[in-house]
Every structure is written in C-alpha cells, then in structure tokens.
Amino acid sequence: MANNEVVGAVDRATDSNLFERAARAGHIVSGLLHLLIAYIIFRLAFGSSENADQSGALAEVTEKPGGKLVLWIAAVAFVAMALWRIAEMIVGPHATEPGNGDSGVSGLFDRAKAGGVAVVYFAFAYSAVDFARGSGQSSGKQNAGLSARLMENTAGKFLLVVVGLVVIAIGGYHVYKGVTKKFLDDLKTSGSAVVTPLGVIGYTAKGLVLVGAGILVIVASIKSDPSKATGIDGAVKTLGEAPFARM
C-alpha cells in the first residue's frame, strides 16, 4: 500500500507542466555542455591546454559575462533532470506516458539506468554550483586524488578495476546504441536526415571516449599511477598524443 502511494505521488508530480519543462531544460543544458566540451576538444587539437570534460566546459562558462548566473540556472535544470530520472526509476521509463511501467528484465534495466543517470545529473548540478561559487576544480584532479587514496590498498585497487570495467561497459553500450541507431527508440518522432547521423556520431564518439577513460582507470590501478586516472579529459588528451592525431 505504501509503495502504491509513493508511486502515485511521483506520478502526480511528473504530471506538472513546470516540472516537465524544467527537466527538458536539463536535457538542453546537458546538450549545450557536450557541445562546449566538443569545442574544447577541437581547440585541444590546435594546442590548447584546457580540460576536455564537464569541468572544463563549466570553467569556460564561468569566465563569460553573466556566466555564474547561467551556472546557477544550469544547476537547477540539472537537479530537475535528476529528479525526473528518479521518477522514472520509481514509476518506470517515460514517467508521463502511461503503460510503460514494464516489470520484466527490460523494465528493471531501464529503472537501474534511470537511477544511474540521476546520479550523473546530480553530480553535474554539484559541479555547476561549485564553479558558480568560484570553488570549482578540474575533474581530472579530483579523479586522480580519489584514485590515489583508493590505490593505497588492494581492495581499493580492485574497486578501481571494477569501476573501469563498468565505465568500459557503459561506453560500449553507447557505441552499440549509436551504431545500431537504438537511440531513435528514445525519441517521440522518427529520425531525420540531420538527427540520425548526429545521433550516430554523438553516441559513438562519447562511447569511445568512455571506453578510453575506463581503460586508463584500469591501467592506472595496475601500475599504481593515479595521474592516469583522470577520466574523460585524460582519455581525450591521451588520444590527442597519438601520432595520427597531431595536426
């Protein structure tokens, strides 16, 4: 009974137009953040030394006039998107669409995925607030610092290897979703001559970067070198150091 009451309350909350619009804003802000990361990666190819991850993108926004206000707005949008994903985890995917609360294996996977994405958006919101307050720092440095503490014992190294494998699996799923165009299943409209190729390129590229980041985490654990466990930024810069990537 209590569970039904929770589901009902969440379902009613997601019926709010304001909530839905705020969550959609989170999608838009996330998209803009990824475009800004792509822009930073493009500049890295020509000798820039910025951070090619969300911290680099947030730092870029901070430096612009009105940037801190934009980050506060982005933080609110990210929190709304995270709450939306939590709602999907509770009532099933596509919280505003009835009949999608699949209770099978597929439904459980979708709920777990929604919970994972919620954590990511909460992390984005936290980072946005940090940079808006002027206390943000490179994600690569944060990752390296945490990795260094975990590498102090065998259990920590094992945990890092597991994390690396999970990141590789997530990256592989992104590549699969892009190459097979499975991302079209998430859209209410069919693909177009613009949306489909962009989706294929975007999902595949993000997946490959995540796979690279996961590999770096595992290598860092094996070699006890936390400087290599720097996440997406490290993966992009490692790729940039390859002979074929030099401009």
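Readers should treat all values here as calculations from the given coordinates under stated rules, not as data from a laboratory. Quantities reported herein were computed from a predicted structural model and do not represent experimental measurements.
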Name the residues whose placed amide hydrogens come within less than 5 Å of the amide hydrogen of GLY136, ignoring near sequence neighbours (fewer than 5 apart) on the same chain. PHE131
Return the sequence-ordered ³J(HN,Hα) values of region 155-171 in whole Hz as given by the Karplus equation 6.51 cos²θ - 1.76 cosθ + 1.60 applied to θ = phi - 60°, using x for Gly and Pro. 4, x, 5, 4, 4, 5, 5, 4, 4, x, 5, 5, 4, 4, 5, 5, x
